[in-house]
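Participant: Got a structure for you, written out below as structure tokens; questions coming shortly.
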Amino acid sequence: MGGKTRAMVERIILVLGDQLNEQISSLDGADRATDLILMAEVRDEASYVLHHPKKIAFTFSAMRKFAAQLQASGWSVRYVRYDDPANTGSLPGEVSRALSDTGAAQVIVTEPGEWRLIHAFQDSPVPITLKDDTRFLVSHHDFESWAQGRKSLRMEYFYREMRRKTGLLMDQGQPVGGQWNFDADNRKKPPKGVQPPPPLYFPADGVVGEVLELVGSEFAENFGALHPFDFATDREQALKVLDHFIEHALPSYGYYQDAMLIGENFMWHALIAPYLNVGLLLPLEACRAAERAYYQGQAPLNAVEGFIRQIIGWREYIRGIYFLQGPDYVTGNALNHERKLPAMYWGGPTKMRCMSEAIGQTREMAYAHHIQRLMITGNFALLAGVDPHHLHEWYLAVYADAYEWVEAPNTIGMSQFADGGIIASKPYVSSGAYINRMSDYCKSCHYKVSAKTGESACPFNLLYWHFLDRHRNRFGNNPRMANMYRTWARLSEDHRITVLREADALLASLDRSEVV
Ligand code: FAD
Ligand code: DLZ
Ligand code: SF4
């Protein structure tokens, strides 16, 4: 307990597992002499979904190391381990226990990134003060002001304001290079022989080793491989991941952002989302590092702009939407999709190479990149009419970077159109042709991407038309989808009937838990 006696503790400062930065607002104005920091590994947080074991191991390791760092810089820390016999299993329970042990008069926490916990703290019998999370560049109030009165909340306009606000890639009020967005340059498939850089690996140290033993015994049933575990687990290591990305991957980040190759799990992606989301890295420092690389001639503008857009654009916008829309947002189901999540998502067999690649690497790494999430696993669930809430729970569980504030708008809004179009102006659906263009998956698939009907027809081809046909009332007049509906209408009636019949048969197979 850092040597404090009962009478000395004035305030308890609760630091959550995704708030691991000394600049966190709860510590702002705190007093090393009289305040006690509380951190707790609890059953409720480790099991509100079936988290991937790597995600739990990452969180607990990073929490333990951050607690040690705080202690080393003079803070008193009460750290409750998962297997402490006195552990109540919940954060409010641990707050109450700490209060009664210390007699402190006040509890402070930075606002959690999930309504579930915000409500738990608001409903707590002891008053808990929530402070704004200043790691983000935009407050709830600023996002509400931006959103107010707008007909549509598209990210692009928000992003331009963020560029002006931060001054990133700005020159006398104008975007550097004369354009805000260079995405048009960013859809290339890597030529043969071009290899993504290998990521950095961090061998387990003593702290991580102990956590791995705990997670291995307590969460053995959860979907996902615990070993090998090589995540960064402290700030120093996370900064190395950022530097490594800037030096080796950023120069090609833009061009190949959407590409997918068998056996290449990480491509040219940054691999920093878990570190940003728990506080080991801060968003502006990542953007400034990329901007520096551009000005020093180490990375092209399209790559640097693309990376900065993901962080000050998408990441901030997505969080703004989560808090603006309120706790019911995650229950959205605008397309009335009710199919249960196919077993292949939890590692069941599938004959679809793209799905087995994306899900297989998710199981091994707790990672898949954006296009694998959006255009493979998300696209398939949307085409197949999976209940978006089931899919939301899956994404929240299986990725090391998954926290509801960022996962839910990406899943419910961007990927599943279950919010009725708040985030996306049209659903992100594609047939197999897009997957074939952006990956090498189709070459070794059981199905044929060129086959539109018949036994070997790519399931994405069949379900794509089924989706458009069954949602004609909603999307038939959407100008951005007019081409798709025109193409469908040009097909012969016989062909359309066959496609719909075969798609129905495929969906029935999924419902009977047959291998698809
Ligand atoms: P890069 O592709 O290299 O991008 C750099 C950074 O930009 C990321 O680290 C991330 O912080 C930010 N970023 C990029 N795209 C987004 C986005 N759409 N929303 C918010 N931030 C973004 N991201 C999460 O951090 N947590 C999630 O739980 C999560 N769930 C997702 C679920 C679905 C269905 C989809 C389609 C996307 C989801 N994303 C989520 C967004 C994105 O896929 C991940 O941020 C990205 O894959 C993380 O890998 P990276 O660090 O290599 O990112
Ligand atoms: C993700 C996670 C896990 C697995 N475990 C803990 C924990 O034991 N203690 C804790 O304080 N936080 C944990 N977290 C992170 C929280 O779930 C996160 O703070 C909330 O979801 C709010 O974003
Ligand atoms: Fe996926 Fe279809 Fe290509 Fe197979 S053929 S990998 S199912 S897109």
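Participant: In this structure, is HIS392 of a type outside the set (A, V, I, L, M) and within 16 Å of ligand 1 (Cβ to nearest atom)?
Facilitator: yes
Participant: From the residues in the range 130-167 that are in a loop (DSSP other than H, G, I, E, B) and among the polar types (S, T, N, Q), which one is farthest from GLN106 (Cα to Cα)?
Facilitator: SER152
Participant: Now a separate question. What are the residues in the range 380-392 that are out of contact with any Phe, Trp or Tyr (no Cβ under 9 Å at 6 or more places or on another chain) and either more than 24 Å from LYS351 (Cα to Cα) or within 16 Å of ligand 3 (Cβ to nearest atom) (or both), if any?
Facilitator: The one that is out of contact with any Phe, Trp or Tyr (no Cβ under 9 Å at 6 or more places or on another chain) and either more than 24 Å from LYS351 (Cα to Cα) or within 16 Å of ligand 3 (Cβ to nearest atom) (or both): HIS389.
Participant: Filter the range 98-123 down to the residues that are of a type in the set (Ser, Thr, Tyr) and touching a strand residue (DSSP E or B) at 6+ places or on another chain (Cβ under 8 Å), then identify the one that is nearest to GLU393 (Cα to Cα).
Facilitator: THR110
Participant: Here's another thing I want to ask about it. Report yes if some residue within the range 372-385 is open to solvent by 10 Å² or more (accessible area, probe 1.4 Å), of a type outside the set (Asp, Glu) and at positive phi; otherwise report no.
Facilitator: no
Participant: Something else: Would you be able to say whether some residue in the range 450-467 is among the basic types (Lys, Arg), over 20 Å from GLY378 (Cα atoms) and in contact with a His (Cβ under 9 Å, 6 or more places away or on another chain)?
Facilitator: Checked the range 450-467: at least one residue is among the basic types (Lys, Arg), over 20 Å from GLY378 (Cα atoms) and in contact with a His (Cβ under 9 Å, 6 or more places away or on another chain).
Participant: Give me the residue from the range 356-389 that is near ligand 1 (Cβ under 9 Å from one of its atoms) and of a type in the set (S, T, N, Q) and, out of that set, farthest from TYR434 (Cα to Cα).
Facilitator: Going through the qualifying residues, I end up with THR377.
Participant: So GLY74 clears everything in (1) away from ligand 2 (no atom under 11 Å from the Cβ); (2) under 29 Å from the mean Cα position of the chain (by Cα) except one condition, right? Which one?
Facilitator: For GLY74, the failing item is (2).
Participant: So, one more: Name the residue, out of ARG319, ARG353, ARG339, ARG309, that is over 26 Å from PRO53 (Cβ atoms) and either open to solvent by 30 Å² or more (accessible area, probe 1.4 Å) or more than 14 Å from ligand 1 (Cβ to nearest atom) (or both).
Facilitator: ARG339
Participant: Go through the range 95-112 and give me each residue that's polar (S, T, N, Q) and part of a helix (DSSP H, G or I).
Facilitator: Across the range 95-112, the qualifying residues are SER96, SER100, THR102.
Participant: Within the range 149-165, how many residues are of a type in the set (Asp, Glu) and open to solvent by 80 Å² or more (accessible area, probe 1.4 Å)?
Facilitator: Count: 1.
Participant: With (1) within 14 Å of ligand 1 (Cβ to nearest atom); (2) touching a Pro at 6+ places or on another chain (Cβ under 7 Å) as the list, and GLY224 as the residue in question, which single condition is left unmet?
Facilitator: GLY224 satisfies all of (1) within 14 Å of ligand 1 (Cβ to nearest atom); (2) touching a Pro at 6+ places or on another chain (Cβ under 7 Å) except (1).
Participant: Can you pull out every residue in the range 168-179 that is part of a loop (DSSP other than H, G, I, E, B) and open to solvent by less than 30 Å² (accessible area, probe 1.4 Å)?
Facilitator: Within the range 168-179, LEU168, LEU169 qualify.
The values are calculated or read from the model by the stated rules, or taken from the named source; none is laboratory data. For clarity, every value in this text was computed on a predicted model and none was experimentally measured. Please note: Cβ atoms are built from the backbone with ideal geometry, for glycine as well, and neighbour counts cover all protein chains shown. For the accessible areas, the whole protein counts, side chains as well, though only heavy atoms, and no ligand, DNA or RNA atoms are used. Shrake-Rupley method; radii C 1.70, N 1.55, O 1.52, S 1.80 Å.
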